[in-house]
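> Quick one: this structure, given as structure tokens, is what I'll be asking you about.
Taken together, the values in this text are just the output of simple stated rules run on the coordinates, not laboratory data. Note that the coordinates shown come from a computational prediction; the quantities given were computed from them, not determined experimentally. In this analysis, Cβ positions are derived from the backbone assuming ideal geometry, glycine residues included, and neighbour counts consider all displayed protein chains.
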Amino acid sequence: MVRGGFFLFVVALTAPSLAVAETISFGDSAAALAKACGADITANCRGVNLDSNRLKECLSRNRDVISPTCKESYFSTLDAIQKRIAARVTVANACTREIVKVCGGSTKETSKSVPCLVGAKGLSRNCAQAINDAGYQ
């Protein structure tokens, strides 16, 4: 059961989401977390719904019994995931004009405009930077 839950956690992290400055990709972060903390998660976080907040809470709660390798990497890995998510949210704000004018999209459904934004020419500097920080390019 725990292995199945861990697998679902890894899949959820690697799945595309709404939109990295100094962050790592979801796939890389999931792989790093699985490598550094897989055994600790299996041993200490049974029955925990493995989203990033609950996993971080479980590992923090069990800090005294987890391996040194996991201790060194889990906070930074989970923080990198949160930074990437935040960067993807900023695309909607930074690219409002481009979403509507260049892509003919709606600011309520930014994710549908991302492929257009990535290929569009003449984006504002802020929009281009937001797309780059979010890891879309």
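> Can you tell me which residues in the stretch 103-137 are of a type in the set (Asp, Glu) and either within 22 Å of Asp28 (Cα to Cα) or buried (at least 16 other Cβ atoms within 10 Å of the Cβ) (or both)?
Within the stretch 103-137, Asp133 is the sole residue that qualifies.
> Would you check which residues across the stretch 118-137 are over 20 Å from the mean Cα position of the chain (by Cα) and within 14 Å of Ile99 (Cβ to Cβ) and list them?
Gly119, Ala120, Gly122, Leu123, Ser124, Asn126
> Sort out which residues of the stretch 68-90 are surrounded by 15 or more Cβ atoms within 10 Å (Cβ to Cβ) and more than 15 Å from the chain's Cα centre (by Cα), and write them in order of number.
Within the stretch 68-90, Cys70, Lys71, Ser73 meet the criteria.
> Same structure again: With the structure loaded, tell me whether Val100 is loosely packed, with under 15 Cβ neighbours inside 10 Å and either of a type outside the set (Asp, Glu) or in contact with a strand residue (DSSP E or B) (Cβ under 8 Å, 6 or more places away or on another chain) (or both) or whether it fails that test.
Here the answer is yes, as Val100 does meet what is asked.
> On the basis of being loosely packed, with under 15 Cβ neighbours inside 10 Å, out of contact with any Asp or Glu (no Cβ under 8 Å at 6 or more places or on another chain) and not in a helix (DSSP H, G or I), does Arg63 make the cut?
The answer is yes for Arg63.
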